[in-house]
Amino acid sequence: MFYIIGIIIVMFCILFSVDRVLRKKLQIPKVEGFIYQPVNKMQAWVETSLFILMIILMFFFMDYVFIYPLFFLFFEGIRAFFEWKYSREKKQYLITMLWGIGYLLALTPFWLFK
């Protein structure tokens with residue numbers, strides 16, 4: 001179990017490094033603040049609706065723990081789509097996709113080595 005945590009730590013270090021390189025190379029500005037700001041009201045509405053749906057479904061699928069990361073990945077996909085569709089010139093969608101793929105890769109060992 002400890003080697004899985006070590007792999008995940010190494011993967012996040014690699015993700016942080018790739019994030020910094022991409023931001024520098026593609027001149028993507030760092031987002032102000034810690035809380036994500038939606039691109040438009042439609043994105044805020046969709047993400048809020050999906051979050052409420054996720055909370056409701058968590059009560060019905062408590063035993064299926066592998067579903068929770070899939071919701072998170074779906075959120076990242078929706079967020080990247082809205083950033084790509086409505087704010088393409090900022091190129092922030094590339095960073096969002098990078099972190100979404102990184103989370104998927106970081107969570108894969110937990111699914112494989114239960």
- Roughly speaking, what is the centre-to-centre gap between segment 8-44 and segment 66-100 when only Cα atoms are used, to the nearest Å? 10 Å
- Message: I'd like the chymotrypsin sites (Phe, Trp or Tyr not before Pro) in segment 1-59 restricted to DSSP loop residues with at most 14 other Cβ atoms within 10 Å, sorted by number.
- Response: 34, 36
- Item | Cleavage-rule hits, GluC sites (Glu not before Pro), segment 1-95, DSSP coil, Cβ neighbours within 10 Å at most 11 | 32
- Here the gain from full extension of residue 25 to residue 8, 0.36 nm per residue of separation minus their alpha-carbon distance, amounts to 3.6 nm
- Message: Please compute the contact order of the chain in relative form: average sequence separation of alpha-carbon pairs under 8 Å and at least six residues apart, divided by the residue count, as a percent.
- Response: 39 percent
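When every alpha-carbon pair in segment 2-112 is counted, what percent end up more than 20 Å apart?
50 percent
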- Item | Set of lysines with alpha-carbon distance to residue 41 below 23 Å, sequence-local pairs under 8 removed | 30, 85, 90, 91
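With a Förster radius of 25 Å, plug the Cβ-Cβ distance of residue 16 and residue 58 into 1/(1 + (r/R0)^6) and report the FRET value to the nearest 0.05. Can you show the working numbers first?
On the way: r = 29 Å, r/R0 = 1.18.
Here the calculated transfer efficiency is 0.30.
Can you list the trypsin sites (Lys or Arg not before Pro) in segment 1-67 that are in a DSSP coil and have 16 or fewer other beta carbons within 10 angstrom?
Values: sites: 20, 23, 24, 25, 30, 41; in loops: 30.
In loop regions of segment 1-67 (DSSP not H, G, I, E or B), the sparsely surrounded trypsin sites (Lys or Arg not before Pro) are 30.
Any read-out appearing in this document is the output of simple, stated calculations on the displayed coordinates, not a laboratory observation. Model, not experiment: these values are computed from the prediction. Heads up, the Cβs are rebuilt from the backbone with ideal geometry, glycines too, and the neighbour counts pull from every protein chain shown.
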